[in-house]
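Undergrad: After the structure tokens below, expect a handful of questions from me.
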Amino acid sequence: MLTIFIVVVALAAVGGVSAVFINRANKSEKRLGFLAQYDSLTGLINRPLFQDRLEGALARARRDGGLVTLMFIDIDGFKEVNDRFGHAVGDDLLRQIAGRLVTVLRESDTVARLGGDEFTVILEGANRVEDAGRVATKILRAVSAPYRVGDREVVITVSVGIAMYPVDGDSYSELMSGADTAMYQAKSAGKNTYQYYTRSLRDRTSDRLSLLDDLRVAVEEGDQLRMHYQPKVDVARGAVIGLEALVRWQHPQRGLLLPADFITLAEESDLIAPISQWILDEACKDMKAWLAAGMRPLRVSVNTSDRMFRESGIVESIAVSLAVADLDPRHLEIEVTERTIHMETERVMRAIERMSTMGISVAIDDFGTGSSSLVQLQGMPVRTLKIDNSFVHRINERESSAAIAAATIAIAKQFGMDVIAEGVETVEEMHALADLGCTKVQGYLVARPLAPKDVVRFVANYDTTLSFPKA
Ligand code: C2E
Ligand code: MG
Ligand code: MG
């Protein structure tokens, strides 16, 4: 059967699929049978036949013992590929991906396309749990090699979820839901990776669903979300230079939740847009109030997520918040993570251009953890690079961390940008950074994120005892 898939896929790439059907099955009922069980785009089996195969594999495993592995494979950002290059290119890619899946797997394995950008794989006869991970790694590697589409080269990755009989379930529906959950986990772990389904994942899933319901209520009622502001200081000057807005959620039962507990959840649902708008509104309003209370002019920084750039209107949202609060755009900074820049390069570039024209500053957050290129960076009106926490914490332990911090400082200098280190917790870290030429810091050493009512006092009282000793 597998050879037929390969023939179909290969021919489909050359001359369309219909010719294959006619050659392979002259009798019309045969052809209808084929159409009912095979996906016309890729020649892989479709959902109903796949369900039969999985149920067959489960029956065999129940009888003979052994594992059955189900993999759920979903293309990362396929919608963007379609939007950007058109459906013909999308279809071509789906065919090529199907071909690679078939090539990388054994004859005894089953590959299906469920529809859209979703593929499934059944492995039988694997006898160790780790085998599935090894196959998933092979799939990730095979799929992520560049594709030629017309005169373009396109890079595509997938996320893979794995569920196994008998540990994760013993029916078609249990394994499907497990593999699907694991696939989503792989997506939120950063994509281009695989994830096994586990019981804790199952518990976490139901927990997440109830948290999502709670978050919806929080957004509608609008009184559980809070903003805190963490000062950024220049230790050489002994002066506060800005404040980063960090959202918190005062959950009625669970207490104060940090962004790590709910921002990803919001990003995966439709809640990130209203939450982001609320955050922008609050940050602008608070800054306006501090200025009115006599605080000297500073900038408030607001974090963004990649969804905000993908779904149009981030610049408009910002403009609305500024207008409603009647705040000068010079008091606002937008933090964009390096990961977002990498994922949404063109949209981010366009948005950053517009922001900068409006007088808003832009900082690149978590610098050193993503893979933006210097070429991209050079063309962007970015004011500040933020050295990621992780390098700061290991600056005195690992040479590579110190080297990344030093390189970031050098790049900023070269491009005429500012540089600030985040997550500075100790005097030693501060000194190491200062030695490398970075005296702007943010972190628990200086201050934890503050409630809005404490900001004006903090700025006025900022004590210079921590500042770097002047020669
Ligand atoms: P980030 O933008 O890199 O923010 C810095 C995080 O490091 C904050 O965590 C901050 O409280 C924490 N931090 C500051 N100083 C120290 C320190 O000395 N040591 C350590 N260990 N941590 C320190 P937080 O508030 O939990 O935020 C985590 C991330 O969540 C942020 O990372 C940001 O990516 C995201 N986030 C926070 N607020 C928002 C928001 O309003 N919107 C969006 N889209 N994302 C947000
Ligand atoms: Mg930030
Ligand atoms: Mg950061």
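Undergrad: Provide the packing ranking of 411-422, 55-66, i.e. peptides ordered by the mean count of other C-beta atoms within 10 Å per residue, highest first.
TA: Highest mean packing first, the order is 411-422, 55-66.
Undergrad: If you don't mind, another one. Would you please give the residues with an amide H less than 5 Å from that of Leu385, counting only those at least 5 places away or on a separate chain, with H modeled from the backbone geometry?
TA: Residues meeting the criterion, in which the H sits 1.01 Å from N, are Ile364, Asp418, Val419, Ile420.
Undergrad: Next question, about the same structure. Filter the chain for me: DSSP H helices, axial length by Cα at least 18 angstrom, mean Kyte-Doolittle hydropathy not below -0.5. List them by residue number.
TA: Passing helices, by number: 2-15, 87-104, 129-144, 172-188, 272-292, 345-358, 399-414.
Undergrad: Taking the Cα atoms of the chain, what is the range of coordinates along each of the three principal axes, in descending order and whole Å?
TA: Cα spread of the chain along its principal axes, largest to smallest: 86, 51, 47 Å.
Undergrad: Taking amide H atoms as placed 1.01 Å from N in the peptide plane, list the residues 5 or more away in sequence, or in a different chain, whose amide H sits under 5 Å from that of Thr193.
TA: Val160
Undergrad: Further, regarding this structure: Given the C-alpha centroids of the range 185-255 and the range 429-464, what is the distance between them in whole angstrom?
TA: Cα centroid to Cα centroid, the span is 23 Å.
Undergrad: Then there is this: Could you give the semi-axes, largest first, of the ellipsoid that matches the range 87-228, computed as the square roots of 5 times the alpha carbon gyration tensor eigenvalues and rounded to whole Å?
TA: Ellipsoid half-lengths, sorted descending, are 31, 23, 13 Å.
Undergrad: Please tell me the relative contact order of the range 212-261 in percent, rounded to the nearest whole number, where contacts are Cα pairs under 8 Å and at least six residues apart.
TA: 28 percent
Undergrad: Going by average Cβ density within 10 Å per residue, which order do the peptides 392-401, 241-250 take, highest to lowest?
TA: The packing order, highest mean first, is 241-250, 392-401.
Undergrad: Relative to the present Cα-Cα distance, how much length would full extension add between Asp64 and Asp83 at 0.36 nm per residue of separation?
TA: Taking 0.36 nm per residue and subtracting the Cα distance, the gain is 2.1 nm.
Undergrad: Near Ala98, within a Cβ-to-Cβ distance under 9 Å, what is the net charge of the other residues, with Lys and Arg +1 and Asp and Glu -1?
TA: Computed value for this residue: +2.
Undergrad: To the nearest 0.05, how large is the calculated FRET efficiency for Ser171 and Arg330 if R₀ is 51 Å and r is the Cβ-Cβ distance?
TA: 0.25
Undergrad: While we're looking at this one, here's another question. Give me a comma-separated list of calculated 3J(HN,Hα) values for the range 417-425, in order, Karplus coefficients 6.51, -1.76, 1.60 applied at θ = phi - 60°, integers in Hz, x for any Gly or Pro.
TA: Per residue, the Karplus-derived 3J(HN,Hα) values read 9, 7, 9, 9, 9, 10, x, 6, 10 Hz.
Undergrad: Rounded to the nearest 20 Debye, what is the dipole magnitude of the chain about its Cα centre when Lys and Arg each give +1 and Asp and Glu each give -1 at the C-beta?
TA: Computed about the Cα centre, the dipole is about 780 debye.
Since every read-out is calculated from the coordinates, none of them should be taken as a lab result. Everything quoted here is computed from the prediction, not taken from an experiment. So basically every Cβ, Gly included, is an ideal-geometry build from the backbone, and we count neighbours across all protein chains shown.
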